[in-house]
Amino acid sequence: MQVTSSVREPLITGGKTVKDVSHDISRQVEGAPTKSWWIAMAISLVVLAYGFYCLCYLLWEGVGVWGLNKTVGWAWDITNFVWWVGIGHAGTLISAILLLFRQRWRMSINRAAEAMTIFAVICAATFPFAHMGRLWLGFYWVFPLPNTWGSLWANFNSPLLWDVFAISTYFTVSLVFWYMGLIPDFATIRDRAIVQGAKARAVVYNALSFGWSGGARTWSRYESVALILAGLSTPLVLSVHTIVSMDFATSVIPGWHTTIFPPYFVAGAIFSGFAMVLTLLLITRSVFKLEDYITIYHIELMNIIIIVTGSIVGIAYITELFISWYSQVEYEGYAFYNRVQGPYAWAYWSMMTCNVISPQLFWIKKIRMSIVATFVLSIVVNIGMWFERFVIIVTSLHRDYIPSSWTMFHPTMYDIGEYLFTFGFFFTAFLLFAKFFPVINMAEVKSIVKATSERTEGAVGQPVEGGLPRH
Amino acid sequence: MAHHSIVADELYIFRPETRTKLFYLLGVGIVLFVVGLIMAIYGGDGHHAEEHAAVKSEQLVANATANAVDQEEAHAAEGHAEEGGHHGPALWVKRLYTTLWMNNTFFVGLGIIGLFFIAIQYAAQAGWSAGILRVPMAMATWIPIAGILMLILYFVTGHTIFHWTHADLYDADSPAFDPIINGKGTYFYWLGSKGGFPTFFILRMVVFFGGWYWFFITIRRRMLAEDNEITNQYWYANRVTSTWFLIFFAVSSSIAAWDWVMSIDTHWFSTMFGWYVFASWWVTGLAMITLIVAYLKDAGYLKIVDSNHLHDLGKFVFAFSIFWTYIWFGQFLLIYYANIPEETVYFIERMRTSPYSWIFYLNLILNFVLPFLLLMTRDAKRQLSTLKLVTPIVIVGHWFDFFNMVTPAVMQEQGGVGFLEIGTLLIFLSVYLLVVLTSLAKYPLIQKNHPMLQESLHHHI
């Protein structure tokens, strides 16, 4: 038997029953798309189309259409790549690590967060592919295949190759995890379609649910697989951004070679991932009227994660800055002096303001309970996290060891266009998901609706030894 | 639904037999310590030193490669000041001071992690752990003792332990002048003159221990007050205070690691180091909590703790052993891969130098391989017997971890684990346990009015 302490706040409000859960969440899958959905979809498709044009032009003309030069060989492409991979961390963190920590509030948000993760990882993957210029070569560069160039093999010493393995593993496991969670919910939609007499929908969702029977044995297997996948995903959440950080940290570039990078990148990834989850969920909950499932309390808890991870990132920034002085290594010292004072100081201070200072506002309860403030700050955080990667990459490269080659980086419309392409893709995919898939994990939420909804108040958390009431 | 168990008051009695056993342990520690010290004073060490020196030169001859050159250069950079200026104290004094400093730094962790664990439980609103909170609370009574010891030890051993305390490093006219150390001198000497009294360093030490202690007594006062009143107010208040403590600890634990451990290798630096020391302290503290809980269960106490709670404690030790390994590997791989001499010297001294290389590998076996394999299955985490096997391994493993962080920097190739080091460990361990168990016996063993206690009683995983 499970007991819930009286000091815990309810996770589901509005006195929902199991039936309400199915209805509230299946509703938007069953109905016709709303006008606002069509408008949002149209905008996303326009952005996607423009981005696609830029991408095609890039592939036709070559990487030269980007603003890269011989000093700054990596800029927006890898900044966007790391930014998207980072965003792709929240989903699996929520569904795996929070599952291991038995955080039941994850149940209302894990579905959307996992979907976001998958789309974000796809967006990230487009950048290294585009940077290859000739996509088919990627085949030889990333897969250890025998080839006609004799002894030329994939370079196993390169963290870029480790990235290929880390991200593809992460993507596969996340996709399986996400889809597996969807199966019982697809079956719920199918069952409702049968009752409602919508034949076509019943056939489609039955196929999507692999003919889920809902028997006790099926559920038992489902739960074992969920736990195994959670166990597998946990090290993956850490490994992906650890290896992304090693793309930089294994080098001998001042500002890149620093040992704190792996855990600090992971914290930053969770930070930006949660910010993106908030941005998306705040819109979703209001459009689909899911305020009783994604409550202010959920938002508050996510904001607390943002404070914690934002502060860890802040400590890491200050540690790097301090050690660059403490080490008394001239190059290291200059790299950081240049960040703080040089021509890209504006980027550095934008990063500091958005990532370190702005999340501290969430210490104020009023702000972390405010939907408007949370929405604004979630976007601010993601701007900050973009600048973080830009600062790390471009400020360390643009003034390298030879002052005669010092230069600046200026993005072209194709740098921007590629970035827009991923935005177009991301929002198109998310809108499709939100319309056709249940955005909240119905099966999981039903399992807690009794224990943590407002209706059962008073039945829980009695004092241990009778007598005095708790106050 | 409202199925509530009544919890009877439970008081831990620190039996004279247990106390006697710990005094025996202390006695054994003192005997080993004295024997070790006598051996160190009368010759043992000189012989050792020669032997190691011989091995060292052999190595250098054997691999006259770029690595050997690196090693020489790095050693030259590290040691030139000492060779240039002054002769250190006798070898046995160095050895004695090193082991005292190293043990105290290690045991600081076993105190502060008690408080850190409690703070995490409050801040994260954890329910499962409500029944065992008195164990980490007792562990944290070590904080003030560790603080006072550290302050005294600094004034006794500091000049031997910390290379940066030598005044001629900062004297531009001296042959021992070291521009790098001179550059970072402000970090230790701010408010005073370089090479004089390390005001800033001591100030930090006092503020950290003072802050930790203040947070500890504040949180403990409320935990104890809750025993007499059925109210949630103390829980809410402790949640807030715990959050403030966590902020303070996040900053202070990193800086403490730079101060008390990293600065011993005065030239060397690693941005990961603060989190590395934290990871080591944290998993050792978790192992100690688990071990004491297991011991109490064995002695018939803590009836409300069952295999579900043990499972969670086991998971913590398992997970954070992996976390420590992750941090260890992150730091090692990046330094190894980039191969910058200023940084690589740290691992060359520990991995390739004869008195320490076995500890370097042992560290990974004790702190990663064994806990990983032994605690992997669900059943293993739920058994007292496996937990009582693994937690001492982890505690001893991290003692070796600290040994290898501190000793090579002070002793160069003349350090080692002998009677002296083992004796000091036993002395610290027995006194630590005497203090912790005495404190544990002072207050009820169960926090019976904790608002999460019912959750903990009905905890099934």
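The values are calculated or read from the model by the stated rules, or taken from the named source; none is laboratory data. As the structure is a computational prediction, the values presented were derived from the model and not from experiment. All Cβ positions, glycine included, derive from the backbone under ideal geometry; neighbour counts span all protein chains shown. For accessibility, only protein heavy atoms count, side chains too; no ligands or nucleic acids. Shrake-Rupley method; radii C 1.70, N 1.55, O 1.52, S 1.80 Å.
For the cross-link pairs B:Lys94/B:Lys388; A:Lys16/B:Lys381; A:Lys16/A:Lys366; B:Lys21/B:Lys388, which exceed 29 Å when the distance is taken from alpha carbon to alpha carbon?
On the way: B:Lys94/B:Lys388 35 Å; A:Lys16/B:Lys381 38 Å; A:Lys16/A:Lys366 27 Å; B:Lys21/B:Lys388 18 Å.
From B:Lys94/B:Lys388; A:Lys16/B:Lys381; A:Lys16/A:Lys366; B:Lys21/B:Lys388, over 29 Å: B:Lys94/B:Lys388; A:Lys16/B:Lys381.
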Problem - Assigned charges on the beta-carbon of Lys, Arg, Asp, Glu; chain A dipole about Cα centre (debye) - result: 1380 debye
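What is the average number of partner chain Cβ atoms found within 10 Å of a Cβ in B:271-279? Please report the intermediate quantities before stating the final value.
Numbers: counts 16, 10, 4, 5, 9, 3, 0, 0, 1.
Mean number of neighbouring Cβ atoms from other chains: 5.
Per residue of A:254-265, count partner chain C-beta atoms within 10 Å of its C-beta, then hand back the mean as an integer.
Working: counts 0, 0, 1, 7, 6, 16, 12, 4, 9, 9, 4, 0.
Average neighbour count from other chains, rounded to a whole number: 6.
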Exercise for the section: Excluding A:Ala130 itself, calculate the net charge of residues whose Cβ lies under 13 Å from the Cβ of A:Ala130, where each Lys or Arg counts +1 and each Asp or Glu counts -1. Expected result: -3
Exercise for the section: Report, in deg cm²/dmol and to the nearest 500, the calculated mean residue ellipticity at 222 nm for chain B, where each DSSP H run with n ≥ 4 adds -39500 (n - 2.57) and the sum is divided by the residue count. Expected result: -24500 deg cm²/dmol
Completion exercise
In the range B:240-371, taking the dipole from +1 charges on Lys and Arg beta carbons and -1 charges on Asp and Glu beta carbons about the Cα centre, the listed residue (B:Ser252, B:His309, B:Leu364) farthest towards the positive end is B:His309
Exercise for the section: Run the numbers on chain B and let me know its relative contact order in percent, using alpha-carbon pairs under 8 Å that are six or more apart. Expected result: 32 percent
Exercise for the section: Starting at the first residue of the range A:194-200, write each ³J(HN,Hα) from the Karplus equation 6.51 cos²θ - 1.76 cosθ + 1.60 with θ = phi - 60°, in whole Hz, x for Gly and Pro. Expected result: 4, 4, 7, x, 8, 5, 4
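Near B:Val436, within a Cβ-to-Cβ distance under 13 Å, what is the net charge of the other residues, with Lys and Arg +1 and Asp and Glu -1?
Details: positive: B:Arg19, B:Arg134, B:Lys442; negative: none.
Neighbourhood net charge equals +3.
Could you compute the FRET efficiency for A:Leu175 and A:Ala373, with r as their C-beta to C-beta distance and R0 at 30 Å, rounded to 0.05?
Working: r = 34 Å, r/R0 = 1.12.
The calculated FRET efficiency here is 0.35.
Let me have the relative contact order for the range A:247-342, percent, based on Cα pairs under 8 Å that are six or more residues apart.
Details: 49 pairs, mean separation 33.0, N = 96.
The value is 34 percent.
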Fill in the blank from the handout: Projected area averaged over all directions for the convex hull of the alpha carbon atoms of the range A:244-334, nm², comes out at 6.8 nm²
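Put A:Cys56, A:Cys354 in order of accessible area, largest first, 1.4 Å probe: what do you get?
Numbers: A:Cys56 55, A:Cys354 20 Å².
Ranked from most to least accessible, the order is A:Cys56, A:Cys354.
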Practice task
Enter the mean number of other protein chain beta carbons within 10 Å of the beta carbon of each residue in B:446-459, as an integer.
Solution key: 4
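Could you tally the net charge around B:Phe400, taking each other residue with its Cβ under 14 Å from the Cβ of B:Phe400, Lys/Arg +1 and Asp/Glu -1? Present the calculation step by step, with values, prior to reporting the outcome.
Numbers: positive: B:Arg350; negative: B:Asp401, B:Glu421.
Within the 14 Å Cβ shell, the charges total -1.
Which whole-number percentage describes the relative contact order of chain A, with Cα contacts under 8 Å and a sequence gap of 6 or more?
Working: 616 pairs, mean separation 158.9, N = 471.
Once divided by the residue count of chain A, the mean separation gives 34 percent.
Mind checking how much accessible area A and B bury in total, 1.4 Å probe, in Å² rounded to 100?
That pair of chains buries around 5100 Å² in total.
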Handout entry: Label zone at A:Tyr50 (point 7 Å along Cα-to-Cβ), backbone N below 18 Å, the range A:396-438
Key = A:411-429
Practice task
Starting with the highest mean, order B:381-393, B:409-421 by the number of other Cβ atoms within 10 Å, averaged over the residues of each peptide.
Solution key: B:409-421, B:381-393
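Restricting everything to alpha-carbon atoms, can you work out Rg to Rh for the range A:167-225 with a Kirkwood hydrodynamic radius? Each step should come with its number before you reach the end.
On the way: Rg = 13.2 Å, Rh = 12.3 Å.
In the range A:167-225, Rg relative to Rh is 1.07.
Place the peptides A:205-213, A:267-275, B:347-355 in order of packing, highest mean first, counting for every residue the other Cβ atoms within 10 Å and averaging per peptide. Walk me through the numbers on the way to the answer.
Working: A:205-213: 16.1, A:267-275: 28.7, B:347-355: 18.3.
Ranking the peptides A:205-213, A:267-275, B:347-355 by packing returns A:267-275, B:347-355, A:205-213.
Rounded to the nearest 0.05, what FRET efficiency do A:Phe143 and B:Phe329 have when you use their Cβ-Cβ distance and R0 = 30 Å? Write out the running numbers ahead of the final one.
Numbers: r = 26 Å, r/R0 = 0.87.
The computed FRET efficiency comes out at 0.70.
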Completion exercise
For B:Ser354 and A:Val18, extending 7 Å from Cα along the Cα-Cβ vector and measuring point to point gives, in nm, a value of 7.3 nm
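How big is the charge dipole of the range A:279-406 about its Cα centre, in debye rounded to the nearest 20, if each Lys and Arg gets +1 on its Cβ and each Asp and Glu gets -1 on its Cβ? Mind showing how you got there, number by number?
Details: 8 positive and 8 negative charges, 82 e Å.
Using only the charged Cβ atoms, the result is roughly 400 debye.
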Practice task
Could you size up the charge dipole of the range A:164-247 around its Cα centre, putting +1 on the beta carbon of Lys and Arg and -1 on that of Asp and Glu, and report it in debye to the nearest 20?
Solution key: 420 debye
Practice task
Output the peptides B:255-267, B:100-112 sorted from most to least packed, where packing is the average of other Cβ atoms within 10 Å over each peptide's residues.
Solution key: B:100-112, B:255-267
Problem - Simple label model, 7 Å out from Cα along Cβ direction - B:Ile148 to A:Gln103, nm - result: 4.1 nm
Handout entry: Distance in nm between pseudo-label sites at A:Thr412 and B:Leu203 (7 Å out along the Cβ direction from Cα)
Key = 5.5 nm
Completion exercise
Over all pairs of different Cα atoms in the range B:303-454, the reciprocal of the mean inverse distance gives a Kirkwood radius in Å of 18.0 Å
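Determine, from the Cβ-Cβ distance of B:Leu373 and A:Phe156 and an R0 of 30 Å, the FRET efficiency 1/(1 + (r/R0)^6), rounded to the nearest 0.05. Walk me through the numbers on the way to the answer.
On the way: r = 27 Å, r/R0 = 0.90.
With R0 = 30 Å, the Cβ-Cβ based efficiency is 0.65.
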Fill in the blank from the handout: The rounded separation in angstrom of the Cα centers of the range A:100-128 and the range A:242-264 is 24 Å
